[in-house]
Structure formats: C-alpha cells, structure tokens
Amino acid sequence: MQDYDVVIVGAGHGGAQAAIALRQAKFDGTIAVIGDEPDLPYERPPLSKEYLAGDKPFDRILIRPASFWQERGVEMLLGREVTAVDPVAHRVMTADGKSFGYRHLIWATGGAPRRLTCAGHDLAGVHTVRTRADADRMMAELAHVERAVVIGGGYIGLEAAAVLAKFGKQVTLLEALPRVLARVAGEPLSRFYEAEHRASGVDVRLGVAVDCILGRDGRVSGVRLADGEIVPAEMVIVGIGIVPAVAPLLDAGAAGGSGVAVDAQCRTSLADVFAIGDCALHANAYADGAAIRLESVQNANDQATVVAKTIAGQDAAYHAVPWFWSNQYDLKLQTVGLSSGHDAAVLRGDPATRSFSLVYLKKGRVIALDCVNAVKDYVQGRKLVESGAVVAPERLADATVPLKEM
Ligand SMILES: Cc1cc2nc3c(=O)[nH]c(=O)nc-3n(C[C@H](O)[C@H](O)[C@H](O)COP(=O)(O)OP(=O)(O)OC[C@H]3O[C@@H](n4cnc5c(N)ncnc54)[C@H](O)[C@@H]3O)c2cc1C
C-alpha cells in the first residue's frame, strides 16, 4: 500500500488549503488528499447562497481546477472514507480496505450536520446542507415545493430561507431560542434579520419546539410543533449545527471531545498528527484563550497555512483574528472578532437604513463587530479588535466619525 510524506484527510477548505500552502512553502515531498466526497475540493459557503440559488454553477465554486492539483503533484484520492488511524504504524485505513502510510497526517474532516432525532427525521424531503450532494438533492426537488420549513435560525438556516423566499416559496422558519442568531450575535442584529426575513415573506417563529416531522407515502408533509400546531410543508431544511467528524482520531487516542484538541501549531496529542478547521479544538486568543472550534473558511485556511509552514520547517503559530460573512437577500454581513462574552453592544448607524454595525465591548475593549452593508466599518474595525482598543461607547456610536480615527 502506498506511503506519502503528507496525508491530508478531508478534501474541503482546510484540506485543500493545506496542500496549496505546503507547495507555497516549497515543500517538495509527496502529498495525498483523501476525501469521502466524489468531487475535487469546492467552496462550501455558496451551497446555501449562490449555488443553491442557481446563480453559480459547480465549476465556479471549485477551489482550484483539476489541472492545479496535477501540476503540483497533489494526489486526490476521492470517494474514500478514512475509518481508522494507526498512530504507531503511521497509517490510515479506508472503508474500501486500503491503507496509506504517512510521515505527517493532517486531519481536516470538518463535521457532519447534526440531525433531528424525532419521528419522521428520515423522511424523503428532509434535508441538511453540508455537501454539494445535499444542495443538488434540494435543488432537484424545488420545482415540486410550494411550502418549506427551515428548522434552525442560524446562518445556514437563514441563508437557505432567503434563497427559498426569493424563489417565491412559502417559508416558515422555526427557531427554538427567543431570537435568531442567538448564539453568535447581539439582540439588535437578531431583530434586524428577523424583520428582514418577515418583510420578504418568511414566517419567522421564535421559541418554538418541534415535536415531529409528518409524512405521507414516505415523503414529508409537514412539521408538528410541541403545541400541536401542524405547519404543512413539502420540504424541510434542518440547520442545527454540526458534529465534528473526529471519531477515527479519538479512537486512535487523540485528546479531545467535541473536536480534536490542538496546540498553537495545530498539533494533536498524537505524534506527527495535526488537525485543522471545523474539527480543531484550539485555544483562541479572541475568546480569552478558551478552547473552541471555529466554523469558518478563514479559520480552516489560516490553520492549514500554519500546519503547512510547520511541516515545511518554518515558524508559525495560529493567532488570526476570526472573521466571517453571511449573505442574505441584498444584505452582506461581515463579522470580525468573537462577540461571545461581550458585556456591552453599541449600535453604530441606523438599522432602518440597512447599513449599520454593532460593536461589541468587553470591559471597555472592542472585541468584535458585526457589520451589515458597512464594509468600511468592517475593514477599519478589524484594527480595533486586533489591538483590543478602548473606545468610549458614545464615540463608537457616532457613525459620522470613521472607526480608523478611533
Ligand atoms: C451551507 C454552508 C454555508 C457556509 N457559509 C459560510 C460562510 O458564509 N462563511 C464562512 O466563513 N463559512 C461558512 N461555512 C463554513 C465553512 O464552509 C466551514 O467552516 C469550512 O468548510 C470548514 O473547512 P474544513 O476543511 O474544516 O471542513 P470541510 O470544508 O467541511 O471539509 C471536510 C471534508 O472532509 C470530508 N470528510 C469527513 N470525514 C472524512 C473521513 N473520515 N474520510 C475522508 N473524508 C472525510 C468531508 O466530507 C468534507 O469533504 C458554511 C458551511 C456550510 C455547510
């Protein structure tokens, strides 16, 4: 069975960037990327945005064309799931009975969508959005869908709701918490997005629990809420987070739990094994050093680059400022920093103009910004977050003064 200098498990954002960055760092050893999806690495964010909307074909969301990988000698072993790791022999085993040796292993497997456990969760027409295949299945059904229920008011649920509403579908969005985006954003932002979705015809229901999914002839026909109400639907989209895909690594003895624990170079507790991206549990300077997982393209790419440099013998450590974006309707949200743990939030600009920012403070320091159609605030606010600037709330609230002057 074949051996490689670097085996990368997971052909997604982190896996692709690790291979790209290794070659950029002049690493000339052999590299194999093992991915369980059949496709070359592609961008995942468009799956709930432009790709789902039919505005971008698949070839335009490929991270690199096939020729790029061939020219750089990166072997793509696709359609293969890694099921076990032997950290002593330095080998990974795949579901099709093959095994591959590594000098360095980079674990970049992301996560699987969390699924409902209630009755009816496996009916046809109940979808999650993580892969191209997921999005394709939804798109193939859309012509026969008039009413859709989206379960989960996080970014992916809201983005999918926006696309379906734009298609003229009757959309009901169910959120268990009292507001959408409750885990990631301050209340003014939640209320703004709830109002935007309602203005576009989405029936946003807050603080509601799902009892079960109802079906007819094996296909979804609606969702029954805990209070007995039935919301009829031909399609249900479940966006309730992910479960990190780390079982083979934890089984092999890697430290972790909800994710694989890594240090500043993204090394796991297993010799020569690194983990990056959605599945990497790392101490984050922008979360007061707490061990967290970040689910963003930025994090996957930046951690991949740190690992590539480390393997290539260069000094590198992960301390990037987190950033993220979300597109819904004509609204471009850009976030920088991590707002969790904030003790004050300052509104900058008027949400009624559909261009504003929310600046988050902790003990007087700027820790994060959410900027809606406010690119300047996003670009200039990043410096405030990076430096942990202390700025008076009244000044931050004055949208006539550019953030760069603060
Ligand atoms: C619909 C959607 C919209 C998003 N929108 C945004 C956005 O707007 N902005 C943003 O910053 N982020 C967004 N994200 C998050 C972003 O896509 C992820 O953070 C990013 O893809 C993480 O990269 P990764 O390499 O860790 O995992 P992934 O890109 O998920 O790649 C992991 C790959 O590993 C494969 N794999 C898993 N287990 C195995 C195994 N045992 N063997 C082989 N292969 C395996 C998976 O199938 C997958 O192909 C979005 C995600 C989704 C799903």
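Table for the structure above
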| item | result |
| --- | --- |
| Lone qualifier among Gly35, Gly15 - being within 19 Å of the chain's Cα centre (by Cα), near the ligand (Cβ under 9 Å from one of its atoms), farther than 17 Å from Val297 by Cα and open to solvent by less than 30 Å² (accessible area, probe 1.4 Å) | Gly35 |
| Residue match in segment 141-150 (condition: within 13 Å of the ligand (Cβ to nearest atom) and buried (at least 16 other Cβ atoms within 10 Å of the Cβ)) | yes |
| Whichever residue in segment 130-140 is open to solvent by 20 Å² or more (accessible area, probe 1.4 Å) and in contact (Cβ under 8 Å) with a residue 24 or more places away in the chain and, among such residues, is nearest to Val220 (Cα to Cα) | Met139 |
| Single residue of segment 239-288 satisfying the filter (assigned to a helix (DSSP H, G or I) and away from the ligand (no atom under 14 Å from the Cβ)) that is farthest from the chain's Cα centre (by Cα) | Ala285 |
| Strands (runs of 3 or more DSSP E) wholly inside segment 342-406 containing at least 2 residues that are surrounded by 23 or more Cβ atoms within 10 Å (Cβ to Cβ) | 356-362, 365-372 |
| Residue match in segment 188-195 (condition: among the polar types (S, T, N, Q) and in a strand (DSSP E or B)) | no |
| Among residues of segment 300-332, those that are within 12 Å of the ligand (Cβ to nearest atom), open to solvent by less than 40 Å² (accessible area, probe 1.4 Å) and among the aromatic types (Phe, Trp, Tyr), counted | 0 |
| All positions within segment 88-112 that are surrounded by fewer than 19 Cβ atoms within 10 Å (Cβ to Cβ), in contact (Cβ under 8 Å) with a residue 60 or more places away in the chain and either near the ligand (Cβ under 9 Å from one of its atoms) or part of a loop (DSSP other than H, G, I, E, B) (or both) | Lys98, Ala112 |
| Any hit, segment 289-299, residues being over 28 Å from Lys26 (Cα atoms), more than 13 Å from the ligand (Cβ to nearest atom), of a type in the set (Gly, Ala, Ser) and assigned to a helix (DSSP H, G or I) | no |
| Qualifying residue in segment 154-172 (condition: assigned to a strand (DSSP E or B) and surrounded by fewer than 24 Cβ atoms within 10 Å (Cβ to Cβ)) | yes |
| In segment 40-85, the residues that are charged (D, E, K, R), within 11 Å of the ligand (Cβ to nearest atom) and open to solvent by 30 Å² or more (accessible area, probe 1.4 Å) | Glu43, Arg44, Glu50, Arg80, Glu81 |
| Filtered residues of segment 113-130 (kept if outside any loop (DSSP other than H, G, I, E, B) and within 20 Å of Ile242 (Cα to Cα)) | Pro113, Val126, His127, Thr128 |
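The values are calculated or read from the model by the stated rules, or taken from the named source; none is laboratory data. Given the structure is predicted, the values throughout are model-derived calculations rather than measurements. Neighbour counts run over all protein chains shown; Cβ positions are idealised from the backbone, glycine included. These accessible areas exclude ligands, DNA and RNA; they are computed on the full protein's heavy atoms, side chains included. Shrake-Rupley method; radii C 1.70, N 1.55, O 1.52, S 1.80 Å.
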